[in-house]
Amino acid sequence: MSGTSAHSIVDSGRTLRWVTGGIVIFYALITMLPLVWILVTSFKTPPDSISYPPKVVFEPSLEGYVNLFTTRTRQTPEYLESLPPPETWYDELVRSRNMVIAGPSKFGERFMNSVIIGFGSTFLSVFLGTLAAYAFSRFRIPLANDLMFFILSTRMMPPIAVAIPIFLMYRTIGLSDTHLGMILLYTAVNISLAVWLLKGFIDEIPREYEEAAMIDGYSRFGAFVKVVLPQAVTGIAATAIFCLIFAWNEYAFALLLTSGEAQTAPPFIPTIIGEGGLDWPASAAGATLFLLPVLIFTILLRKQLLRGITFGAVRK
Amino acid sequence: MTESLKIERYSERAARATPPYLATRVRGLSDRTIAWTFIAPTIVLLLLINIFPLVWTIYLSFTNYKANRTARGFEWIGLRNYERILNDADIWHTLQVTAHFLCWTMFFQVILGFGLAWLINKQFKGHGFWTTVILLPMMLSPAVVGNFWTFLYQPQIGLFNYGISFLTGVPPSSFQMIGDVNLAPWSIVIVDTWMWTPYVMLICLAGLRSIPDYIYEAAEVDRASKWRQFWSITVPMVLPFLMLAVLFRAIENFKMFDLVVELTSGGPGSVTELASINLKREAFEKWRTGYSSAFAIILFVTVFGAANIYVKALNRVKQR
């Protein structure tokens, strides 16, 4: 990424560079359009969102976000007249559509479920993964490569195929639709990759460091905690973000194994569209809030993420 | 339990394989204990939530078990599920749909991904920033994004149709990407290509960056044309990377579920019903648990077998 490599003879011409840059930027803008459109739609009113031709200039409104977080009931104008004047801006907004707020929607809960399950499974995957990766990296374990390949190959199962027995198992032991059940499941899915990645990171830390620490009187476990862990912190963080994004985005298991209590946001957001299937701003608002954290993570931590996305194939 | 025995034997071998000069130096926990305690939780978790379900699926695939009628009991029916699947026209249709999706997404993603990587590798000003922008779609939740694409594909109000009509002059309401039997298979190819081209691009870029400059310099000295350099240096050296990207993407797309379910849910009719969507219908709507388990096993064996053959080919390319 330095861009300073010496292209003495091979240097591509200045105009060529402009052209290539232009094409790439054009592609990038096209590719961003659907994402920008989600953001734009979330600030439209429902009528604006379904106008033809699609509106680019419009008066921004927070109606989508209000609808996302509330449930509302339609009322007659006479009833609305009889109410005391609206206390808040969102009350006023809802009443201007002949409705009153009946209560909060389930979006907040679903979002929190995503947070709890995402962070819970990430913590567990990284914790167990670091231990296993250290053992794989430092002790000569027979058949280690075969075992690693086998662990990774379990990811070739379609999620639905895994979901069938998990569904039966969870139903029997009472883990279906619980946070714990989903955390364990996502950990099991993530851990193969976590071990794979972390082993790569730990392999890069010279053994001599620990050996020196052990000569200085540390036990092997002490050397692991005091020497290896601090060195592996970047790798652990990168793996954690990767596990978090997987758990955050996962849909198939969440759809089949959760329905209420522990349902995460991905299966919930498509159901927001609401009466008549027209409330696109609310749906877009939900999508915006849900996608935004990942977008920010990606922009800030691109280089660390690349390694995870490519199963360690890209190291820079 | 045989599982715990296996772990024990395993960790013992691990400990024995540890060099003795380290073992003697250890105070506190022995290396053997550490190897055991560090690997055991992961192995137990994988046995419980990966291996045990797999074994259970294999067992169920030989029965006529229905998960919504547990009281009725079930019986061993041998290979009859497998026999039925191989004679089921719906299954063959679903595999055809999957093959269409797989081939075309791979085709477009390889062309676009490699092209973009090649352009970005020319290192124009600000290429780092634009690379980040390009790879954003693949980080996002496929289900949420897929759901929003149904809005973009709306015939009257959708941005996609509007854009196409802007470019070609066809009225935007004259075609329906999702509702039309002929266009729906392409609508899922487009969204998947939009989402996953960056992935192929990233891996190609890693390949391009791995080619040392001196090879090009040598070719330049030999007066090889740019065209010749491209085909005899760039392409062969990126090929292993490209093949790796195709392997990862093909596995993912073979089991594609979330994006397409939210986009078309297999419709109209069943023209976009990919293998995973069919599997979900059989298992969780028709509740034919035994039958769908057999289908799941067939899918798994197919991916596993194909991936192994492919990896062999990949290694041959690498050795050249």
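The values are calculated or read from the model by the stated rules, or taken from the named source; none is laboratory data. Keep in mind it's a predicted model, so treat the numbers as computed, not measured. Using ideal geometry, Cβ is built from the backbone for each residue, glycine included, and neighbour counts are taken over all protein chains shown.
Below, the figures for the structure above:
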quantity: Test: residue in the range B:165-179 that is under 22 Å from B:Val145 (Cβ atoms), at pLDDT 90 or above and of a type in the set (A, V, I, L, M); calculated: no
quantity: Helices (runs of 4 or more DSSP H) wholly inside the range B:108-217 containing at least 2 residues that are of a type outside the set (Gly, Ala, Ser) and in contact (Cβ under 8 Å) with a residue 60 or more places away in the chain; calculated: B:127-135, B:142-152, B:184-209
quantity: Residues (surrounded by fewer than 19 Cβ atoms within 10 Å (Cβ to Cβ), assigned to a helix (DSSP H, G or I) and touching a helix residue (DSSP H, G or I) at 6+ places or on another chain (Cβ under 7 Å)) located in the range B:55-83; calculated: B:Trp56, B:Ile58, B:Tyr82
quantity: Check on B:Val261, among the aliphatic types (A, V, I, L, M), crowded, with 22+ Cβ neighbours inside 10 Å and out of contact with any Phe, Trp or Tyr (no Cβ under 6 Å at 6 or more places or on another chain); calculated: yes
quantity: Of all residues in the range B:136-172 being more than 7 Å from chain A (Cβ to nearest Cβ) and polar (S, T, N, Q), the one that is nearest to B:Val191 (Cα to Cα); calculated: B:Thr150
quantity: Close pairs from the range B:23-38: first at the interface with another protein chain (Cβ under 7 Å from one of its Cβ atoms), partner at pLDDT below 75 and surrounded by fewer than 17 Cβ atoms within 10 Å (Cβ to Cβ), Cβ under 8 Å, at least 6 apart; calculated: B:Asp31/B:Leu22; B:Asp31/B:Ala23
quantity: Qualifying position, being β-branched (Val, Ile, Thr), over 25 Å from B:Ala296 (Cβ atoms) and in a helix (DSSP H, G or I), among A:Ile202, A:Ile141, A:Ile160; calculated: A:Ile202
quantity: Of all residues making up the range A:81-108, the number that are buried (at least 16 other Cβ atoms within 10 Å of the Cβ) and either hydroxyl-bearing (Ser, Thr, Tyr) or assigned to a helix (DSSP H, G or I) (or both); calculated: 7
quantity: Subset of the range A:30-68 (residues that are away from every other protein chain (no Cβ under 11 Å), among the β-branched types (Val, Ile, Thr) and part of a helix (DSSP H, G or I)); calculated: A:Val66
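Residues are listed down the side, and each one gets a yes or a no for (1) within 11 Å of chain B (Cβ to nearest Cβ); (2) modelled with pLDDT under 85; (3) more than 19 Å from the chain's Cα centre (by Cα); (4) over 25 Å from B:Val144 (Cβ atoms):
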position: A:Ala212; (1), (2), (3), (4): no, no, yes, yes
position: A:Ile215; (1), (2), (3), (4): yes, no, yes, yes
position: A:Asn249; (1), (2), (3), (4): yes, no, no, no
position: A:Leu255; (1), (2), (3), (4): yes, no, no, no
position: A:Ser259; (1), (2), (3), (4): no, yes, yes, no
position: A:Pro281; (1), (2), (3), (4): yes, no, yes, no
position: A:Gly286; (1), (2), (3), (4): yes, no, no, no
